[in-house]
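First comes the structure, then the notes that go with it.
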Amino acid sequence: MIRVMLSEFIKIKRKLILFLIILGPLGVIGLQAANFGLRYDWLTSQYKEDLWRGLIGEVTMLSVPTILIGLTILTSMIANIEHQTNAWKQLVALPVSKMKIFAGKALLSFILLFVSCLLLFFGTIILGLSLRFGTAIPLFYLLKMCFFPFLAAMPFLALQTWLAISMKNQAIPLTTGILGTIVSLYGTGFPDWMPLKWPWLVNEWDEPVYSVLFGVATGLVLYLLSLIDFSRRDVK
Amino acid sequence: MSELIIETKNLTKKFGATRVVNHVDMQVKKGEIYGFLGPNGAGKTTTIRMLLGLARPSKGSIHMFGKDIRKEKLAILRKVGSLVEYPSYYGHLTARENLEAVRVLLDVPKSRIDEVLSIVRLTKDAKRPVKGFSLGMKQRLGIATALLGNPELLILDEPTNGLDPSGILEMRELIKSMPKEHGITIVVSSHLLSEIDQMATQVGIITKGRIIFQDSIHKLREQASSSIKLTVNDVEAAWKTLLSNGFTTDLVQNNIYIDNGTDDHVAAIVKSLVEHDFSIYRVEEQKKSLEEIFLELTGKEGGLL
Ligand SMILES: Nc1ncnc2c1ncn2[C@@H]1O[C@H](COP(=O)(O)OP(=O)(O)OP(=O)(O)O)[C@@H](O)[C@H]1O
Ligand SMILES: [Mg+2]
């Protein structure tokens, strides 16, 4: 599996993918910098109880849709590396199991998004510090708010990976991803069983961890189904 | 009998109700260049995709190196290099990076990259992004990738497709050198008989999903039966005279044809014509070209269906 990942990382060399990984968190932090810069007095009075939590909350508002749209584009770009010259036939004819090939693609998306979330974590700290919110950073809460929405979005990562890999025409996965992102903007009002609600980490029990558990469990099931589908499917 | 590298039995692939590959029994012996010949849409690529584990057979079995592909697919693929239809490559990467992306999966030493680059003569262009390569260079990179894992069997689907005459010649020389220099068995498909004729030692002809001929290229050439064409002054009278003297010949377009005649038979006919005072202008041998045999074979099959 390490070899598969090595190969995957060689293949994304010089692609816009790495730029995208930085652009996502950079965009979120940049927009929040502008937000706080323009409405500093109003926002700091709004959040005077806990400036850090206020900032983290604002960041999350943007990071959820960014994660969804980001994973849509990312999975599509990663699959497209093989679609472009139909390199699937070369890849699958190598002595590597199809399961590992699919797992490699999914894991690559996961790792890259994880890095994005990590960048968001540090970006938020830098932004808070430069806004002079003090050094009493709620690190654990920040960590949760950076990584939980991503983990709760696992069903989408699995779904988009599967769509992007099984169709040559990327218009379909891109459309479903963009529609999903738009719908998720209204996610907090949905019933608890709706996967599009989970990245927002709100549920009737008020336990963000539940949203994460639903997300990870459903994501794993979808991932296993896609894995089986891919390994059975003929390669064009 | 020499060792079989590929043996398929009743290999069948259905798309919907149509059998694109229909009960194919393919046998490829070690060290041969097996020319897999068939017109467009005959099922060559589909057969090859099944050999490479890219497509599942609807029916039948595939054994390669004596192993069942259903049970030991990865062990088989470890010994196989392939190039299917047009070449696959990662355009944004250089030739060397393309090979490196495959090399890490195969776990062969880094030095192997230089070796395969030099075999296909791409050493000088190794540092250029592949998207700027000509089709011939991309095709050669495809061969280099196929050779990377030191394969014992090379499966090439229409490797000369789209190449110019010099590219075709180069590819052909490269393919022909493989069994000699590296002991590799090769399956090479084409829809052009002349091409197979110039490199293959064994031939399998497929049309409409069925193998209609499978033997050595010599056996195929033997089928190229010859006939003798006679040009004489009064052709009709000559033909009648021959018939009355017990020689059956064919009269086609003012020429007399003797099919499959032995030397003595031909001599007897000529002698008889001379004795009856006919002027013989020409005695020529007419060989059926492989192309004609191919068309005859594939045409016959088409007529049956
Ligand atoms: N995925 C598919 N679904 C339906 N039909 C298919 C599929 N793949 C191939 N075919 C059909 O199977 C037939 C054989 O195709 P194949 O590509 O194997 O032919 P070929 O011998 O390689 O021809 P060519 O010389 O044109 O490459 C064709 O009629 C093609 O339309
Ligand atoms: Mg073909």
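The values are calculated or read from the model by the stated rules, or taken from the named source; none is laboratory data. Small disclaimer: the values here were computed from a predicted structure and weren't measured. No Cβ is skipped: glycine too gets one built from the backbone with ideal geometry, and neighbour counts run over all protein chains shown. Just so you know, the surface numbers come from the protein's heavy atoms only, side chains and all, with ligands and any DNA or RNA stripped out. Shrake-Rupley method; radii C 1.70, N 1.55, O 1.52, S 1.80 Å.
Would you mind telling me which numbered condition in (1) more than 23 Å from A:Val96 (Cα to Cα); (2) away from every other protein chain (no Cβ under 14 Å) B:Val130 fails?
B:Val130 satisfies every listed condition except (2).
Within the range B:157-166, how many residues are away from chain A (no Cβ under 12 Å) and open to solvent by less than 10 Å² (accessible area, probe 1.4 Å)?
The total comes to 1.
From A:Leu107, A:Leu55, A:Leu118, A:Leu51, grab the single residue that is open to solvent by less than 10 Å² (accessible area, probe 1.4 Å) and touching a residue at least 12 places away in the same chain (Cβ under 8 Å).
A:Leu55
Could you tell me whether A:Gly24 is among the small types (Gly, Ala, Ser), within 14 Å of chain B (Cβ to nearest Cβ) and assigned to a helix (DSSP H, G or I)?
No.
Keeping to the range B:25-41, report how many residues are within 11 Å of ligand 1 (Cβ to nearest atom) and either in contact (Cβ under 8 Å) with a residue 40 or more places away in the chain or part of a strand (DSSP E or B) (or both).
Here the count works out to 5.
Give the residue that is nearest to ligand 2 (Cβ to nearest atom), with candidates limited to residues of the range B:78-98 that are surrounded by 23 or more Cβ atoms within 10 Å (Cβ to Cβ) and assigned to a helix (DSSP H, G or I).
The qualifying residue nearest to ligand 2 (Cβ to nearest atom) is B:Asn98.
Go through the range B:1-24 residue by residue and tally those that are away from ligand 1 (no atom under 15 Å from the Cβ) and within 14 Å of another protein chain (Cβ to nearest Cβ).
Here the count works out to 0.
Name the residues in the range A:12-31 that are open to solvent by less than 40 Å² (accessible area, probe 1.4 Å) and among the β-branched types (Val, Ile, Thr), would you?
Listed by number, the residues that qualify are A:Ile12, A:Ile17, A:Ile21, A:Val28, A:Ile29.
Across the range B:42-62, what is the total count of residues that are more than 6 Å from ligand 1 (Cβ to nearest atom) and out of contact with any helix residue (DSSP H, G or I) (no Cβ under 8 Å at 6 or more places or on another chain)?
8
When the range A:61-89 is examined, which residues are found to be at the interface with another protein chain (Cβ under 10 Å from one of its Cβ atoms) and open to solvent by less than 30 Å² (accessible area, probe 1.4 Å)?
A:Ile81, A:Glu82, A:Thr85, A:Asn86, A:Ala87, A:Trp88, A:Lys89
Give the residue, chosen from B:Ile143, B:Ile113, B:Ile175, that is over 24 Å from the mean Cα position of the chain (by Cα) and either outside the structural domain of B:Gly35 (by TED's automatic domain parsing) or open to solvent by less than 20 Å² (accessible area, probe 1.4 Å) (or both).
B:Ile113 is the lone residue from the list that is over 24 Å from the mean Cα position of the chain (by Cα) and either outside the structural domain of B:Gly35 (by TED's automatic domain parsing) or open to solvent by less than 20 Å² (accessible area, probe 1.4 Å) (or both).
Filter the range A:164-194 down to the residues that are touching a residue at least 60 places away in the same chain (Cβ under 8 Å), among the aliphatic types (A, V, I, L, M) and open to solvent by less than 70 Å² (accessible area, probe 1.4 Å) and list them by number.
A:Ala164, A:Ile165, A:Leu174 - these are the residues of the range A:164-194 that are touching a residue at least 60 places away in the same chain (Cβ under 8 Å), among the aliphatic types (A, V, I, L, M) and open to solvent by less than 70 Å² (accessible area, probe 1.4 Å).
Let's see how each residue does on (1) touching a Lys or Arg at 6+ places or on another chain (Cβ under 7 Å); (2) open to solvent by 10 Å² or more (accessible area, probe 1.4 Å); (3) assigned by TED's automatic domain parsing to the domain that holds B:Ser177:
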{"position": "B:Lys9", "(1), (2), (3)": "no, yes, yes"}
{"position": "B:Met26", "(1), (2), (3)": "no, no, yes"}
{"position": "B:Lys30", "(1), (2), (3)": "no, yes, yes"}
{"position": "B:Phe36", "(1), (2), (3)": "yes, no, yes"}
{"position": "B:Gly43", "(1), (2), (3)": "no, no, yes"}
{"position": "B:Thr47", "(1), (2), (3)": "no, no, yes"}
{"position": "B:Met50", "(1), (2), (3)": "yes, no, yes"}
{"position": "B:Ile62", "(1), (2), (3)": "no, no, yes"}
{"position": "B:Lys71", "(1), (2), (3)": "no, yes, yes"}
